[in-house]
Amino acid sequence: MTKKIKATIARYRRLLNKEWKDHNFISDGAGKRFMIGPLYLRIDDTKGAMAHYKWFEKMFDGDSGEPFHRMGWTLTLHRSGFDNAAERMLLIAMLKNLYLFPILFGEDPPVVDGWQGSNWEVLEYITDAPKWMLNLWTADELSWAKSIYYSDQAVKIRERYITINQFLELERPGEKRSELVEESMKLEHGDYSSLGVIPHS
């Protein structure tokens, strides 16, 4: 299994590097870039995962990231001892799909009403994913993640994000909707200035 996964990682990296070499740009419509980090974690290669995420940050600085990719990034940072950075990444990852962490924790999925702008945000995106993607965390790592996810700071961020999306479902195009979309995007990218929340640096 490990040999096969390593071969898959190598193939994905080769295809992405070829696209960059040929076009000086990577479109990656299939989303290979999002699988590499979690695949490294599947074979317990935290060093490889960290190298990938550093490459991803350099190559796709404006990419908001796919839910499992961001969750894997969180785990990689935590395993590497960068807990403040891991906490910041968890706060970003939890908004990529509001069902992601509750299901990771083995809890019933929350009832989430409101506008959803992508299939990445729906419940089925998590429940239909390969099971191994939710089985990468140890019991201690899950306890750490829960302590962040259920902190007052994280709850405040989630509640505001959900409220915004509820308003977006009803708000017509105009200045107010534009303001809400802007605030939502800032929250998704880790800017919590509208809430007066400052994550650990």
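Bear in mind these aren't lab numbers, they're just calculated from the coordinates by the rules spelled out. Since we're looking at a predicted model, the values are computed, not measured. All Cβ positions, even for glycine, are placed from backbone atoms using ideal geometry, and neighbour counts span all protein chains on display.
Comparing mean-square fluctuations of Trp120, Trp20, Trp73 from a GNM of the chain with C-alpha springs under 10 Å, the top value falls on Trp20.
Take Glu171, project a point 7 Å from its Cα along the Cβ direction, then tell me which residues of the range 74-118 have their backbone nitrogen under 16 Å from it. Answer for the range 74-118: 114-117.
When the chain is fully extended, how far beyond the present Cα-Cα distance does Phe105 get from Lys58, taking 0.36 nm per residue of separation?
13.8 nm
Say R0 is 45 Å: what FRET efficiency, to the nearest 0.05, do Asp152 and Ala10 get from their beta-carbon distance? It would help to have the intermediate numbers written out before the result.
On the way: r = 44 Å, r/R0 = 0.97.
For Asp152 and Ala10, the calculated efficiency is 0.55.
Considering only Phe68, Phe82, Phe101, the Gaussian network model of the chain with Cα springs below 10 Å gives its largest mean-square fluctuation to Phe82.
Put a plus charge on the Cβ of each Lys and Arg, a minus charge on the Cβ of each Asp and Glu, and nothing anywhere else: the dipole of the chain about its Cα centre is then about 1180 debye.
Over the chain, DSSP H runs of length four or greater, each weighted -39,500 (n - 2.57), average out per residue to a 222 nm ellipticity of -20000 deg cm²/dmol. As a proxy for reagent exposure, ranking Ser80, Ser143 by other Cβ atoms within 10 Å from fewest up yields Ser143, Ser80. Counting only alpha carbon atoms, the long axis of helix 32-42 and the longest principal axis of the chain meet at about 70°. In this structure, the residue pairs whose Cα-Cα separation is over 30 Å, taken from Lys6/Lys96; Lys3/Lys32; Lys21/Lys47; Lys3/Lys186; Lys54/Lys146; Lys32/Lys156, are Lys3/Lys186; Lys32/Lys156.
Computed from Cα positions, the angle between helix 175-188 and the longest principal axis of the chain comes to roughly 40 degrees. Against the chain, whose longest principal axis comes from its Cα atoms, helix 152-170 is set at around 70 degrees.
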